[in-house]
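**Student:** Quick one: structure below, then a few questions.
The values are calculated or read from the model by the stated rules, or taken from the named source; none is laboratory data. These numbers come from a predicted model, not from an experiment. Positions of Cβ are backbone-derived with ideal geometry, glycine not excepted, and every protein chain shown enters the neighbour counts. Surface areas here come from the heavy atoms of the whole protein model, side chains and all, with no ligands, DNA or RNA. Shrake-Rupley method; radii C 1.70, N 1.55, O 1.52, S 1.80 Å.
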Amino acid sequence: MHHKPNDLLKAHGKNWQTGCIEQRYENPWINVTHREVTAPTGSKGIYGHVHFKTTAIGVVPIDAEGYTWLVGQARYTLQRYEWEIPEGGAPEGESLLATAQRELREETGIRARRWTTLLKLNTSNSVTDEVAHTYVAQDLRFGTTEPDDTEQLQVRKILLDDAINMAMDGTISDSLAMASLIKVGLMLERKLLSL
């Protein structure tokens, strides 16, 4: 039997209770609060809660020959170079699909005529409420990139199978890219998506 998460919560009868909330840090992208909480078990504790002001967006572009495009960039938080799918953030009030289209164009120069919703992902639900949405982009047209001022991107055309293998062997470790590429592979295998 398949239950919705809120149905399971109601069946168990208790949820987390929030007491005092103190804002500790805020910038244009995130808000960090310290919270005093009571667990469903009745145990008291604390939580550091990171609220994202944007919705994470990712795109897996695929052409008719089975190629995709990865974006490489130095990630400050990890202090290393990462290969990812084209990604960005949708500001509140902006359409998720419009953001996906913009991010794909800015990072790779690609425009797509066909879009398929791929997945919704909670990126790290033990500390943040960040939600991510990804799409498959197909029927591609090519132009020039328009990276942000802070982005020094390298764009790599690669066989989709090779990108999926990079996600499987840990070469790609970005959670949104890994989940998206592996799901695309399963969808193609199960004939839920075609090139």
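**Student:** Over the chain, calculate the relative contact order: mean separation of alpha carbon pairs under 8 Å at least 6 apart, over the residue count, as a percent. Can you show the working numbers first?
**Tutor:** On the way: 382 pairs, mean separation 39.6, N = 195.
Reported relative contact order: 20 percent.
**Student:** Please count, across the chain, the pairs of lysine residues with Cα atoms under 29 Å apart that sit 8 or more places apart or on different chains.
**Tutor:** Taking the Cα cut-off of 29 Å, the pair count is 21.
**Student:** Under 5 Å between amide H atoms, partner at least 5 residues away or on a different chain: which partners does Y67 have, H built in plane at 1.01 Å?
**Tutor:** Counting only residues 5 or more places away or on other chains, the set is L160.
**Student:** Moving on. For segment 51-107, state which chymotrypsin sites (Phe, Trp or Tyr not before Pro) are in a DSSP loop and have at most 15 other beta carbons lying within 10 Å of their beta carbon.
**Tutor:** The qualifying sites are Y76.
**Student:** Remind me, relative contact order of segment 92-193 in percent, using alpha carbon pairs under 8 angstrom and six or more residues apart?
**Tutor:** Details: 115 pairs, mean separation 25.4, N = 102.
Reported relative contact order: 25 percent.
**Student:** State to the nearest 20 debye the size of the charge dipole of the chain about its Cα centre, where the only charges are +1 on K and R beta carbons and -1 on D and E beta carbons. Don't skip to the end; give the middle numbers.
**Tutor:** Numbers: 21 positive and 26 negative charges, 149 e Å.
It works out to roughly 720 debye.
**Student:** May I ask which residue of N122, A39, Q23 lies farthest towards the positive end of the charge dipole of the chain, with charges of +1 (Lys, Arg) and -1 (Asp, Glu) on Cβ and the Cα centre as origin?
**Tutor:** A39
**Student:** Further question on the same structure: Tell me the label-point distance for the pair I182, F142, using the 7 Å Cα-to-Cβ offset, in nm and rounded to one decimal.
**Tutor:** According to this spin-label approximation, the distance is 3.1 nm.
**Student:** Another question, then. Using a 1.4 angstrom probe, figure out how much accessible area the chain has per residue, in square angstrom, rounded to the nearest whole.
**Tutor:** Working: 11890 Å² over 195 residues.
It amounts to 61 Å² per residue over the chain.
**Student:** Shifting gears a bit: Let me check I've understood the local charge: for R113, count other residues with C-beta under 11 angstrom from its C-beta, Lys and Arg +1, Asp and Glu -1. What total comes out?
**Tutor:** Working: positive: R111, R114, R141; negative: D139.
In short, +2.
**Student:** Moving on to the next point. Let me make sure I get this right: for segment 88-195, a, b and c are the square roots of the gyration tensor eigenvalues over alpha carbons, sorted descending. Under 1.5 in a/c it's rounded, otherwise prolate if a/b > b/c, else oblate. Which is it?
**Tutor:** Numbers: a/c = 1.30, a/b = 1.06, b/c = 1.23.
Rounded, since a/c falls under 1.5.
**Student:** Fully extended, how many nm does the chain gain between N15 and A98 (0.36 nm per residue separation, minus their Cα-Cα distance)? Spell out each step's value before the answer.
**Tutor:** Working: separation 83, 0.36 × 83 = 29.88 nm, distance 3.51 nm.
Result: 26.4 nm gained on full extension.
**Student:** Can you show me the helix-derived [θ] at 222 nm for the chain, built from DSSP H runs with n ≥ 4 at -39,500 (n - 2.57) apiece and divided by the number of residues, rounded to the nearest 500.
**Tutor:** On the way: 4 runs with 46 residues, N = 195.
Calculated at 222 nm, the ellipticity per residue is -7000 deg cm²/dmol.
**Student:** So, in Å, what gap is there between the alpha-carbon centers of segment 21-69 and segment 105-122?
**Tutor:** So the separation of the two Cα centres works out to 21 Å.
**Student:** Once a ≥ b ≥ c are taken as the square roots of the eigenvalues of the Cα gyration tensor of segment 71-151, is the result rounded (a/c under 1.5), prolate (a/b larger than b/c) or oblate (a/b not larger than b/c)?
**Tutor:** On the way: a/c = 1.85, a/b = 1.19, b/c = 1.56.
In terms of gyration-tensor shape, oblate.
**Student:** Then there's this: So for I30, I21, I110, what's the accessible-area order with a 1.4 Å probe, most first? Let's see the in-between values first.
**Tutor:** Details: I30 40, I21 90, I110 0 Å².
So the residues, ranked largest to smallest area, are I21, I30, I110.
**Student:** Residue by residue through segment 18-26, which ³J(HN,Hα) values in whole Hz follow from phi under the Karplus form 6.51 cos²θ - 1.76 cosθ + 1.60 (θ = phi - 60°), with glycine and proline marked x?
**Tutor:** So the Karplus estimates, Gly and Pro as x, are 10, x, 5, 10, 10, 6, 10, 6, 8 Hz.
**Student:** Tell me the label only: which of [x] -0.41, -0.70, -1.06, -1.31; [y] -0.47, -0.72, -0.96, -1.13; [z] -0.33, -0.59, -1.02, -1.39 is log10 I(q)/I(0) by the Debye sum over Cα atoms at q = 0.09, 0.12, 0.16, 0.19 Å⁻¹ as calculated from this structure?
**Tutor:** Label of the calculated value: [x].
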